[in-house]
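Each remark here refers to the structure printed beneath this line.
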Amino acid sequence: MKKIKEIRMIRYGNKQESSRREGMVTMLRACPVPDDELFLNIGMFLTPQTLSRVLFMDFLYRSILNIQGVVIDFGCRWGQNSSIFIACRGIYEPFNRIRKVIAFDTFQGHARMSPKDKATMKKGDYSVAAGYEKYLDSLLAYQEQESPISHVKKYEIVKGDASKTIHKYLKDNPETVVALAYFDFDVYKPTYDCLLAIKDRMTKGTVLGFDELIEPACPGETLALKEVLGLSRYSIKRSQYNARSSYLVID
Ligand SMILES: C[S@@+](CC[C@H](N)C(=O)[O-])C[C@H]1O[C@@H](n2cnc3c(N)ncnc32)[C@H](O)[C@@H]1O
């Protein structure tokens with residue numbers, strides 16, 4: 001497995017935060033809670049930052065309960081958001097067998113950069129361990145089995161450059177309507193291409209979430225939204241749970 005230190009990514013925290021996190025990771029790996037109680041107590045390790053992510057995904061999911069369509073996690077990386085969405089489906093609509101969760105990623109980090117991205121961002125940033133998509137597939141299968149009608153597979157992992165794979169996915173699944181799409185590519189090109197590709201798959205009430213909108217380190221995400229949907233047509237709302245996350249509702 002590739003060590004985390006070899007993976008380039010933007011970090012916003014200071015040194016104290018890094019060493020505090022290292023301390024918590026050490027505590028997690030040395031956790032004396034027995035295996036059969038570990039998941040029951042996993043909340044012990046949620047910090048305000050990590051809990052806010054769960055709460056925001058829960059908020060987005062609750063916003064589309066009466067909207068028909070699939071949930072797309074664009075730039076899923078380790079797959080946390082996809083896993084949370086599947087858990088939310090199990091809580092709020094356990095018998096909705098057509099609420100698919102689809103996770104897109106290269107699983108090799110940023111595929112290509114554009115002049116619209118910050119020069120500090122590089123191809124390959126945010127890569128994951130080799131073959132990670134297989135691990136994620138098994139994990140999402142387990143997650144799905146925690147809820148009813150688990151014999152119907154309701155998630156999909158799409159590996160590759162999403163600028164290309166989104167077109168194949170929509171061709172193979174022409175019935176697709178998007179209820180929720182979460183954009184976390186960080187970079188311009190796949191954000192632009194995927195927004196454009198799903199534009200005519202949105203309906204009134206479709207929710208679009210963005211991880212890096214208005215983030216100076218990742219201008220490409222905002223530029224992609226500006227070029228595809230415009231910034232004034234929809235009210236760009238901020239998450240009550242953390243400063244950076246944003247969303248809009250198609251009306
Ligand atoms: C910031 S990370 C995503 C983090 C993740 N959503 C989370 O919550 O932890 C950005 C992800 O976008 C992916 N990515 C970047 N460009 C891509 C592209 N053209 N096609 C597919 N995935 C891409 C990267 O591989 C990376 O996993």
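The values are calculated or read from the model by the stated rules, or taken from the named source; none is laboratory data. Since the model is a prediction, treat every value here as computed from it, not as a measurement. Quick reminder, even Gly has a Cβ in these numbers, built from the backbone with ideal geometry, and neighbours come from all protein chains shown.
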Next on the checklist: Conditions first: (1) modelled with pLDDT of 95 or more; (2) within 13 Å of the ligand (Cβ to nearest atom). Arg89 passes all but one, so which condition is the exception?
Outcome noted: (2)
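Go through the residues of segment 99-115 one by one and say whether even a single one is in the same structural domain as Ser245 (by TED's automatic domain parsing), closer than 23 Å to Arg8 by Cβ, at pLDDT below 95 and within 16 Å of the ligand (Cβ to nearest atom).
Keep residues of segment 99-115 that are in the same structural domain as Ser245 (by TED's automatic domain parsing), which gives 99-115.
Pick out the ones that are also closer than 23 Å to Arg8 by Cβ and you get 103-115.
Next cut, at pLDDT below 95 only: 112.
Checking which are within 16 Å of the ligand (Cβ to nearest atom) leaves us with 112.
Scanning segment 99-115 turns up at least one residue that is in the same structural domain as Ser245 (by TED's automatic domain parsing), closer than 23 Å to Arg8 by Cβ, at pLDDT below 95 and within 16 Å of the ligand (Cβ to nearest atom).
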Next on the checklist: Condition first: among the acidic types (Asp, Glu), within 14 Å of the ligand (Cβ to nearest atom) and without any contact (Cβ under 8 Å) to a residue 60 or more places away in the chain. Now tell me which residues in segment 173-193 satisfy that.
Outcome noted: Asp193
Checklist entry - Are there any pairs, at least 6 apart or on different chains, whose C-beta atoms fall under 9 Å, with the first in segment 154-169 and in the same structural domain as His110 (by TED's automatic domain parsing) and within 15 Å of Ala181 (Cα to Cα) and the second basic (Lys, Arg) and more than 8 Å from the ligand (Cβ to nearest atom), and if so, which? => result Tyr155/Lys100; Glu156/Lys100; Val158/Lys168
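Residues of segment 1-49 being in a helix (DSSP H, G or I) and within 14 Å of the ligand (Cβ to nearest atom), which ones? Break it down stepwise before answering.
Quick first cut of segment 1-49, residues in a helix (DSSP H, G or I) only: 4-6, 15-29, 35-45, 48-49.
Passing the criteria: Ile4, Gln49.
Which count do you get for residues in segment 67-81 that are aliphatic (A, V, I, L, M) and touching a helix residue (DSSP H, G or I) at 6+ places or on another chain (Cβ under 8 Å)? Even if it seems obvious, please write down each step before you answer.
Here is the first cut: in segment 67-81, the residues aliphatic (A, V, I, L, M) are 67, 70-72.
Retained after the next criterion (residues that are touching a helix residue (DSSP H, G or I) at 6+ places or on another chain (Cβ under 8 Å)): 71-72.
Here the count works out to 2.
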Checklist entry - What are the pairs, 6+ residues apart or on separate chains, where a residue within segment 113-137 that is farther than 20 Å from Ile214 by Cα has its Cβ under 6 Å from a residue that is surrounded by 13 or more Cβ atoms within 10 Å (Cβ to Cβ) and polar (S, T, N, Q)? => result Ser127/Gln108
Checklist entry - What is the residue count in segment 118-152 for residues that are near the ligand (Cβ under 10 Å from one of its atoms), over 15 Å from the mean Cα position of the chain (by Cα) and at negative phi? => result 4
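Can you name the residue in segment 209-223 that is among the hydrophobic types (A, V, I, L, M, F, W, C) and out of contact with any strand residue (DSSP E or B) (no Cβ under 8 Å at 6 or more places or on another chain) and is also farthest from the ligand (Cβ to nearest atom) among such residues?
Start the filter on segment 209-223 by keeping residues that are among the hydrophobic types (A, V, I, L, M, F, W, C), which leaves 210, 213-214, 217-218, 223.
Right, trim to out of contact with any strand residue (DSSP E or B) (no Cβ under 8 Å at 6 or more places or on another chain) and you get 217-218, 223.
Values: Ala217: 11, Cys218: 9, Leu223: 15 Å.
Going through the qualifying residues, I end up with Leu223.
So, restricting to strands (runs of 3 or more DSSP E) that lie completely within segment 94-203, which ones have at least 1 residues that are among the charged types (D, E, K, R)? Before you say what the answer is, go through the steps one by one.
On the way: elements: 101-105, 155-159, 178-183.
Counting at least 1 such residues, we get 101-105, 155-159.
Quick check, is Asn41 without any contact (Cβ under 8 Å) to a residue 24 or more places away in the chain and over 18 Å from Leu139 (Cβ atoms)? Break it down into steps so the answer makes sense when it comes.
Numbers: without any contact (Cβ under 8 Å) to a residue 24 or more places away in the chain: yes; over 18 Å from Leu139 (Cβ atoms): yes.
Here the answer is yes, as Asn41 does meet what is asked.
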Next on the checklist: Under 7 Å between Cβ atoms, which residue pairs at least 6 apart in sequence (or on different chains) link something in segment 50-68 that is in a helix (DSSP H, G or I) with a partner that is surrounded by fewer than 17 Cβ atoms within 10 Å (Cβ to Cβ)?
Outcome noted: Ser52/Asn242; Phe56/Asn242; Tyr61/Tyr92; Arg62/Tyr92
Checklist entry - Just one of Leu139, Leu180, Leu196, Leu208 is within 23 Å of Ile67 (Cα to Cα), surrounded by fewer than 20 Cβ atoms within 10 Å (Cβ to Cβ) and of a type outside the set (Ser, Thr, Tyr); which is it? => result Leu196
Checklist outcome for this item: Reported set for segment 237-246 where residues are closer than 19 Å to Ala217 by Cα and touching a Leu at 6+ places or on another chain (Cβ under 6 Å) is Ser246
Checklist entry - Is it the case that Ser63 is surrounded by 12 or more Cβ atoms within 10 Å (Cβ to Cβ), within 27 Å of Thr191 (Cβ to Cβ) and away from the ligand (no atom under 16 Å from the Cβ)? => result yes
